[in-house]
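Novice: Before anything else, here's the structure in question.
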Amino acid sequence: MRLAFSDQELAFQQEVRDWITANMPPEVAEESRRSRTSHVSKERLVQWQKKLASRGWLCPNWPKEYGGPGWSSTQKFIFEMEMARADSPYLSSFSIKMVAPVLMKFGSEAQKKRFLPKIAAAEELWCQGYSEPGSGSDLASLRTKAERQGDHYVVNGQKIWTTNAHFADWIFCLVRTSNEGKRQEGISFLLIDMKSPGITLDPIYLVDGTRTPMRHEVNQVFFTDVKVPVENLVGEENKGWTYAKYLLEFERGGQAFGPRLRKAFRHLQTLSKTQMSEGKSLSADPSWREKMAAVEMEIDAIEMNELMFYSSLKTGDAPGNMGSVVKMRGTEVGQKVTELAVEAVGWYGTPFTELRNYDSNVVPVGGEYVDDVSPRYFNTRKTTIYGGSSEVQRNVLAKAMLGL
């Protein structure tokens, strides 16, 4: 197995690095760097996505026929590496890596023509309407109802933990269109304009300390007699569970964890050198070095798994069970990195609610970026829950791969 990049791949890496250096607005990188989650405001996100779209790099996983760059699996990984290195914010995964693959495979020609070009040009952002109160991991129990009335559906219900719903243009929703048969057989997949009358939002403030309006992350979405044209139904009525499972494969494996983990690990190494323990740098402590080595090996393993994952996608295959492996291990190791960061800064991580905004001129207590540590730790607690908890992923893998 060849583990080193070829000369062509190294040239591609330099091309990507040079372009990002020349084109990423410094305010975008700094806001991302200061963020608890590498998410940024809608203004900054659209600003950066439009630049990537102009270069044809916004949708690295898309095939050429839909406007993608046609990259190899290694090129995609290199691109993710360079984006992480440059402190790029997370792009709109709901648009690019979730709803888009579903539309490509199951959408009508009219839906593809209407929605995919807008996503590729960063002109419309999406959010995901899956979870409901009482319907998280047991998603098939969802109760949001869509009743067919002539040429439209009338939607009533509630979605929760809806990331970026406060600035999304559209939401893809799982709704109940039938109560006959198994629960999974009565679910449909609808595309809903967020400007539709009858949609209201309430922000949910998380334990990481975010309280600033429009800088929060997740929301509750309420639907009251919302009219949705029938042509916004993806595929067949009552077949939405099939499309939802297909999308979840991309949600679980569609984000490259390795490059972001590598970036976070380098940040942890910097903290280790600047924090003192018994009069010397923490990085000189043998027990600490052992912890660092252990987590670095786990990151190495994740990167190898992700390269295998990307290779499986180059023929157009769905991610399958490998998506569960990538999601499960990527989020669990990500939590370990944040745990070590909290351990490294000690009591300097205590006043986490005083986290500065990206444009703040307040001097941090305890050194640069120390005040980011605790908010990232608390925010990262959710990663092993959303998209299917680690416990659910282990059950999926045990059944599908081990036959248990």
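The values are calculated or read from the model by the stated rules, or taken from the named source; none is laboratory data. Quantities reported herein were computed from a predicted structural model and do not represent experimental measurements. Note that we place each Cβ from the backbone using ideal geometry, even for glycine, and neighbour counts take in every protein chain shown.
Novice: Among the residues of the stretch 57-112, what is the count of those that are free of Cβ contacts under 8 Å to residues at least 60 places away in the same chain and of a type in the set (A, V, I, L, M)?
Specialist: Qualifying residue count, the stretch 57-112: 4.
Novice: Can I ask one more? Got a number for residues in the stretch 163-202 being closer than 13 Å to residue 141 by Cα and in contact (Cβ under 8 Å) with a residue 60 or more places away in the chain?
Specialist: So the count comes out to 4.
Novice: Here's another thing I want to ask about it. Only one of (1) in contact with a helix residue (DSSP H, G or I) (Cβ under 8 Å, 6 or more places away or on another chain); (2) more than 26 Å from residue 216 (Cα to Cα); (3) touching a residue at least 24 places away in the same chain (Cβ under 8 Å) fails for residue 117. Which number is that?
Specialist: (1)
Novice: From 141, 196, 188, grab the single residue that is buried (at least 22 other Cβ atoms within 10 Å of the Cβ) and out of contact with any Pro (no Cβ under 6 Å at 6 or more places or on another chain).
Specialist: When all the criteria are applied, what remains is 188.
Novice: Check whether at least one residue in the stretch 225-244 is of a type in the set (S, T, N, Q) and at pLDDT below 90, and report yes or no.
Specialist: Checked the stretch 225-244: no residue is of a type in the set (S, T, N, Q) and at pLDDT below 90.
Novice: So, in the stretch 264-288, of the ones that are farther than 30 Å from residue 88 by Cβ and either within 31 Å of the chain's Cα centre (by Cα) or modelled with pLDDT of 90 or more (or both), which residue ends up surrounded by the most Cβ atoms within 10 Å (Cβ to Cβ)?
Specialist: 285
Novice: How many residues, within the stretch 125-149, are small (Gly, Ala, Ser), within 20 Å of residue 237 (Cα to Cα) and modelled with pLDDT under 95?
Specialist: 3
Novice: Which count do you get for residues in the stretch 76-135 that are more than 25 Å from residue 176 (Cβ to Cβ), of a type outside the set (A, V, I, L, M) and not in a helix (DSSP H, G or I)?
Specialist: The total comes to 7.
Novice: Another question, then. Would you point out the residue of the stretch 139-161, among those that are of a type outside the set (Ser, Thr, Tyr), assigned to a loop (DSSP other than H, G, I, E, B) and under 27 Å from the mean Cα position of the chain (by Cα), that is nearest to residue 196 (Cα to Cα)?
Specialist: Per the criteria, the residue is 160.
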